[in-house]
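Participant: Provided herewith is a single structure, encoded as structure tokens, for subsequent inquiry.
What follows draws every value from the coordinates through simple rules; no lab data is involved. Since we're looking at a predicted model, the values are computed, not measured. Cβ atoms come from the backbone with ideal geometry, glycine included; neighbour counts cover every protein chain shown.
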Amino acid sequence: MKVRDLMVRDVATLWPGNTLDTAVELMRDRECGSVVVSDERSRVLGMLTDRDVCLSAFELGKPLSQIRVELAMSRPVHTCAVQDSLEAAEGSMGQHQVRRLPVVDEGGRLAGLISLDDIARKFSSRDGLLGNSRGKEAVGRTLGEIGRPHLVDGTGER
């Protein structure tokens, strides 16, 4: 199965110059915890999560209406392609410790979003993605990789 078969096509997006209050309103209205930040050509520039919003507001000590998205978004952003396999996308999530990947088309433009939740729901569905327990084990392994503490330096100290 390919990413294009499971990705969400109607993705919440913002521009870097938008403010965080706009981002929060969009997340509330769309009932989501993240948005893709893109430019006028739909090229992916970053990801903004509800966690990014909270940390930026705390660290900068300013109202959300005074903080631009580009100051809070996560980058570099890791993406996958519409023709990638679900296994490749899941592997990238584990490697980069992210739960979501923007999906880009052949021209590098935003085409959708795939999340570990999307993959897990497919693996746990009645028909199952692979028809055996391999898929569930892979999702569990990826979730473990994502949850692994980020190292600040090479010693394992935070």
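Participant: Of Cys80, Ile67, Leu6, which is farthest on the positive side of the dipole of segment 1-117, counting Cα position, with +1 on Lys and Arg Cβ, -1 on Asp and Glu Cβ, and the Cα centre as origin?
Facilitator: Ranked along the dipole, the leading option is Ile67.
Participant: Determine, from the Cβ-Cβ distance of Gln95 and Leu26 and an R0 of 30 Å, the FRET efficiency 1/(1 + (r/R0)^6), rounded to the nearest 0.05. Don't jump to the answer; show the numbers that get you there.
Facilitator: On the way: r = 28 Å, r/R0 = 0.95.
It comes out at approximately 0.60.
Participant: Roughly speaking, what is the stretch gain from Arg68 to Glu87, that is 0.36 nm per residue apart minus the C-alpha to C-alpha distance, in nm to one decimal?
Facilitator: 3.4 nm
Participant: At what distance in angstrom do the alpha carbon centres of segment 1-49 and segment 100-115 lie from each other?
Facilitator: 11 Å
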